[in-house]
Amino acid sequence: MTAALTSATAEAGAPPPPPRGSSRIAWLLLTPGLAYLVLFFVAPVAVLLLTSLYERVPDGPVGATRPALRWENYTDALVTYAPQFGRSFLYAFIATVLALAIGYPLAYVIAVRCRNRPLLQGLLLVLVIAPFFTSFILRTIAWKQILADESLVVAVLKTISLLPDDARLTATPTAVVAGLTYNFLPFMTLPIYANLERLDLRLIEAGEDLYANPAETFRRVTLPLSMPGIVAGSLLTFIPAAGDYVNSALLGTASTAMIGNVIDSRFFRVVDYPTAAALSVLLMAAILLLVAAYVRRSGTDDLL
Amino acid sequence: MSRPQFSLGKYLLPVYAVVAFIYLLTPIAYTFAFSFNNAGRSNLTWQRFTWDNWRNPCGAPAVCESVVNSVAIALFATLGSTVLGTMIALALVRYRFRFRSATNLLLFLPMATPEVVLGAALLAQFLNLRVNPGFTTIVIAHIMFCISFVVVTVKARVATLDPHLGEAASDLYASPRVAFWRVTFPLLLPGIAAAAMLAFSLSFDDFIITNFNSGNTDTFPKFVYVSATRGIPAQANVIGSAMFLIALLVVLIGQVLAARRRAAAEAR
Amino acid sequence: MAADLLAAPGGGRDLELVGITKRFGEAVAVDDLSLRMPAGSFFALLGPSGCGKTTMLRMVAGLEVPTAGQVLIGGDDVTTTRPYRRPVNTVFQSYALFPHLDVLENVAFGLRRRRERNAEQRAMAALDMVELGPLARRRPTRLSGGQQQRVALARALVNNPAVLLLDEPLGALDLKLRRQMQVELKRIQDEVGGTTFVHVTHDQEEAMTMADTVAVMNAGRIEQLGPPQELYDLPRTPFVANFLGRSNLLPGTVVEERDGLLGVDAAGTRLLVPADRAVARSGQVLVGIRPEKVHLVAAGADEPADSTVLGPGTVADVSFSGVSTEYLVDVAGYGRMSVFTQNLGAGPGAMVGEQVRLAWSPRHAFVLVGDAPAAGPLEREAATVGAAGGTGP
Ligand SMILES: Nc1ncnc2c1ncn2[C@@H]1O[C@H](COP(=O)(O)OP(=O)(O)O)[C@@H](O)[C@H]1O
Ligand SMILES: [Mg+2]
């Protein structure tokens, strides 16, 4: 599992062995999995694209649609839900930056500082991974109750005047961003850990010899070498965060609604499939554009 | 490392890490503590310590069914995605074929697509095909989003293997089939196990895609989410805490065994 | 037919390559190469990195199919026989030991695949032969490089193959261990008997000390083939002259042939070479002379009788290397010449800046055709190896 989530980093290390062998066996190996993805990923996305252009039947039963090429679905969705879009990307961006700020030092301590203590290293690593098994919904709800208005934390903060008397911690944008940061922190930490674990400490020593200053050494040696881990971690944090609706639903209010909340409610409450589909397509397209730009800029094209 | 400037990082970093761990583990500690709360319907405020919830984890209606569903779904999803993903990973590393970059893109896209979109797209597809969402559709969805993660994990393992090992086997009279089962597969096993564990935990913890494609079937995360509005029974905390402890225990035992094996090997 | 070979593996069988060519796309790795290696011989394939040595071995092992040509073992065509059906075993450059099996199981792997009886005892015997019996139950990752190398050797030899392929087997070892393993390998070859050893290396000294026959390979072709002494004494191409040890090559034109001697005019000096040591007897040629065959003659001293004399020139550099000293001498019209002298303790030799003449006996000279290789890095690298081990036969 540690080795998991590390896609990009692991690729960068070993030189690719010369691929050889017959392509017939290759296709035998590939066909089932690729067919599965075509059937249950490509086809659904295609259906989503079609649905996004359907029109609703005005006086029909709930959720009734008919095939059409209604491009206004997109413009309507974009105009109506621009704030939610903006919020999604803003929250996800802040959460990614925060997760990097917390996750990188954490990964560094586990991977580099604990390198000679395998048992401590193992324990710390497990503590990063094990929260996966508590169900992230349960953990998010725990946060909600820890930070609730009547909770101990809020009372203490108010007593020592760190928090104004009329302020609250839940049901704020801060709470939503904190929840996103929290929930995706392991996805940031593990790829960076997997990368730093292989970092050759002699390179740092050589760097200190050259630059004499630890900050400079970090900037010129450690950071560039761990870039693939940072890229993988950022993507694994940003993508799910931008599409998340659980944190906003549990820790926020209507005014913190993200695009995921809108898609969810368009599907299940309003039963407006075309709008939900159009929003989904827009979200996917926006994320793919951002990912492509980011991957290209950070020079780790061979992500998979 | 003994330079004076470094002492800042030397002490600051571990403190920072400790704070980060507190942040990471606080909600789990909270969940664990409230699993001992003698709460009635809603487990919001601390009432009184009790062992009852742990003695009777299935006490609240539907908790255990949802857990059983979650485990069953995770097992099926793990099996399916690990088999399909491992095959793809082998093909990608070992063979030359056309459309390699198209294949890579097809594998990357599900990872780059937010869960709401995956969930919504699959639901739209199932509705189109007039399939009623339920247990099967959840398994189908989970296999789909786990495949890419399996491929990535197994591929990372294959890439660390000496490509000449397979050739050495065939040089030593092993036919391709024998070479695969005697050499390649045993060496891939740690990677496959890691991929399976990842798939299991991704599937077990998934909520968003599940919620779209589950119909009336409850999984554990869905159960918790749905009951959040009326109050979550303390038994859910028991389950969550128990899963955490089991995971912790399994990995720690593995660690200790590995350490002991290392020590034994040193002694030899 | 290949199955027959397997039923009775081992025993001496000739390995023969007929017009083998291997192309990777546009690039030609092995170019129309023909070769016969007698049963039971120790054959060294020597050449610079990238010249196609590994590719050639892989075609013999069956891991690569030739674009054209045939591979024959004991007269049987095995060109397209699968690797697991050939009486050939390989010691891989990276050893390729199976990390999930212990040393004994690694060695027994081939025997078990062929369902041989007593696999374990025979593997143990093979391990004893390479003196690794006590480590039979270790994992290969916990062995040193030299030990891994021996396991790889035992794993291949235990199958008693007709042909054993060794791809730079000593390349990863340090110098001392390498010397030790060279001796060991020779001993083992004597011990097993019958098996043809094909040893690939880019270390000319290793090739010369170990092999009965050395083939010098360059750019996918065999430049020259023969016993090491013969190759060193009488190289037939400028490449061989400078890859196997090193040579001073002086361009000139053949002007006469008399009494079995060729007269070559090189920038005004008449150089004599035995006609039977010449590749060509007319036209533009290169006269070659090994540095250790050249004597320094101090100003005023007499040169040895019947010798070819060049100079005077100026000593440009002196480098002392223990056994011998190398002098670089600039001779007007000929460029920089290299001279090795043995350190016999007869006082200090020439000093930098001193005027000296160069003399050698005509019977040591040879004549080649082609361009003298520019004194590029390759030549210097080869020369260093030559100087380190380089007294030659
Ligand atoms: N699988 C391959 N695909 C493409 N080119 C190859 C392959 N294997 C070897 N070559 C090329 O063939 C030439 C000879 O390689 P090799 O036999 O490995 O040389 P050597 O072992 O003498 O160093 C090199 O130029 C190398 O780049
Ligand atoms: Mg080679």
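The values are calculated or read from the model by the stated rules, or taken from the named source; none is laboratory data. Remember, predicted model here, so these are calculated numbers, not experimental data. Cβ: placed from backbone, ideal geometry, glycine included. Neighbour counts: every protein chain shown. Ligands, DNA and RNA are excluded from the accessible area calculation, which covers all protein heavy atoms including side chains. Shrake-Rupley method; radii C 1.70, N 1.55, O 1.52, S 1.80 Å.
Descriptive notes on the structure:
- Selection count where residues are open to solvent by less than 50 Å² (accessible area, probe 1.4 Å) and touching a residue at least 60 places away in the same chain (Cβ under 8 Å), scope segment C:311-348: 5
- Residue, nearest to A:ALA111 (Cα to Cα), within segment B:20-50, restricted to residues that are of a type in the set (A, V, I, L, M) and at the interface with another protein chain (Cβ under 9 Å from one of its Cβ atoms): B:ALA20
- Within segment B:52-82, being open to solvent by 30 Å² or more (accessible area, probe 1.4 Å) and not in a helix (DSSP H, G or I) holds for B:ASN56, B:PRO57, B:CYS58, B:GLY59, B:PRO61, B:ALA62.
- Search result, residues across segment C:267-297 that are part of a loop (DSSP other than H, G, I, E, B), touching a Gly at 6+ places or on another chain (Cβ under 8 Å) and within 29 Å of C:SER324 (Cβ to Cβ): C:ALA267, C:ARG290
- Tally of residues being touching a Pro at 6+ places or on another chain (Cβ under 8 Å) and either outside the structural domain of C:ARG139 (by TED's automatic domain parsing) or within 14 Å of ligand 2 (Cβ to nearest atom) (or both) across segment C:79-94: 2
- Single residue of segment B:224-241 satisfying the filter (at the interface with another protein chain (Cβ under 9 Å from one of its Cβ atoms) and in a helix (DSSP H, G or I)) that is nearest to A:ASP264 (Cα to Cα): B:TYR225
- Which listed residue, of B:LEU198, B:LEU252, is facing chain A (nearest Cβ under 9 Å), over 25 Å from B:VAL152 (Cβ atoms) and among the hydrophobic types (A, V, I, L, M, F, W, C): B:LEU252
- Members of segment B:207-217 that are surrounded by 22 or more Cβ atoms within 10 Å (Cβ to Cβ) and of a type outside the set (A, V, I, L, M): B:PHE207, B:THR210, B:ASN211, B:PHE212, B:ASN213, B:SER214
- Identity of the residue in segment C:27-45, more than 18 Å from C:PRO87 (Cα to Cα) and more than 10 Å from ligand 1 (Cβ to nearest atom), that ends up nearest to the chain's Cα centre (by Cα): C:ALA44
- Identity of the residue in segment C:49-103, part of a helix (DSSP H, G or I) and farther than 23 Å from C:GLN189 by Cβ, that ends up farthest from ligand 1 (Cβ to nearest atom): C:ARG85
- Some residue of segment C:131-143 being over 29 Å from B:ALA264 (Cβ atoms), away from ligand 1 (no atom under 16 Å from the Cβ) and within 14 Å of chain B (Cβ to nearest Cβ): no
- Residue selected from segment C:20-61 under the condition touching a Gly at 6+ places or on another chain (Cβ under 7 Å) and within 13 Å of ligand 2 (Cβ to nearest atom), by the criterion nearest to B:SER170 (Cα to Cα): C:LYS53
- Tally, over segment C:278-310, of residues that are at pLDDT below 90, farther than 18 Å from C:LEU368 by Cα and open to solvent by 10 Å² or more (accessible area, probe 1.4 Å): 13
- Looking at segment C:165-266, the helices (runs of 4 or more DSSP H) lying wholly inside it that each contain 2 or more residues that are under 11 Å from the mean Cα position of the chain (by Cα) and more than 16 Å from ligand 1 (Cβ to nearest atom) sit at C:204-210, C:228-233.
- Any chance C:ALA125 is aliphatic (A, V, I, L, M) and open to solvent by 10 Å² or more (accessible area, probe 1.4 Å): yes
- Of the listed requirements (1) more than 12 Å from every other protein chain (Cβ to nearest Cβ); (2) within 16 Å of ligand 2 (Cβ to nearest atom), C:ASP76 misses just one: (2).
- Scanning segment B:141-157 for residues that are farther than 15 Å from B:ASN211 by Cβ and out of contact with any Pro (no Cβ under 8 Å at 6 or more places or on another chain) yields B:ILE143, B:CYS146, B:PHE149, B:VAL150, B:VAL151, B:VAL152, B:THR153, B:VAL154, B:LYS155, B:ALA156.
- Selected residue (criterion: surrounded by the most Cβ atoms within 10 Å (Cβ to Cβ)) from residues of segment B:99-140 that are more than 7 Å from every other protein chain (Cβ to nearest Cβ) and assigned to a loop (DSSP other than H, G, I, E, B): B:PRO133
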